[in-house]
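Worksheet: one structure, shown below.
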Amino acid sequence: MAELLSTEEVAERLGDLPGWGLDDSKLHRSFRFADFRRAFAFMTGAALAAEKLNHHPEWFNVWSKVDVHLNTHEAGGITELDFQLAQAMNELADAL
């Protein structure tokens, strides 16, 4: 099981993760794209990255917007897996 990060570790790591913040004890970011096609392409790429990590996001999509919340349910909070997936999502969004 992934190890839970402390509040201090999470705050420090967020400084290196553009666009992300905390919402209800979860990493959170809203991604906006030019259109639904790009939003869906992002979600497809993020799904593949999540499968590789065996770590899956909570997300909500309406047209060109994708809201993401990340935490590790089995650990009861935020772990390294959440930061790895968030970084992968940032890289995907930048490529679109």
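Points to keep in mind about this one:
- In a reduced charge model with +1 at each Lys and Arg Cβ and -1 at each Asp and Glu Cβ, the chain shows a dipole moment near 560 debye about its Cα centre.
- Counted charge near His69, where neighbours are those whose Cβ lies closer than 15 Å (Asp, Glu -1; Lys, Arg +1): -2
- Comparing Val62, Ala46, Gly21 along the charge dipole axis of the range 5-96, the residue lying farthest to the positive side is Val62, per the Cβ-charge model.
- Accessible surface of the chain, 1.4 Å probe, proportion on carbon and sulfur as whole %: 52
- Rounded to 10°, Cα long-axis angle of helix 80-95 versus longest principal axis of the chain: 20
- Of (1) 0.95; (2) 1.38; (3) 0.91, the label for Rg/Rh (Cα atoms, Kirkwood Rh) derived from the coordinates: (1)
- Relative to the dominant Cα principal axis of the chain, helix 36-53 is inclined by about 30°.
- Tensor-based shape of the range 16-65 (alpha-carbon gyration tensor, a/c under 1.5 rounded, otherwise prolate or oblate): oblate
- Burial order of peptide ranges 79-87, 41-49, 14-22 (average beta-carbon count within 10 Å, highest first): 79-87, 41-49, 14-22
The values are calculated or read from the model by the stated rules, or taken from the named source; none is laboratory data. All figures in this text were calculated on a predicted structure; none of them were measured in a lab. Every residue, glycine among them, receives a Cβ derived from its backbone with ideal geometry; neighbour counts consider all protein chains shown. Surface accessibility is based on the protein's heavy atoms, side chains included, excluding ligands, DNA and RNA. Shrake-Rupley method; radii C 1.70, N 1.55, O 1.52, S 1.80 Å.
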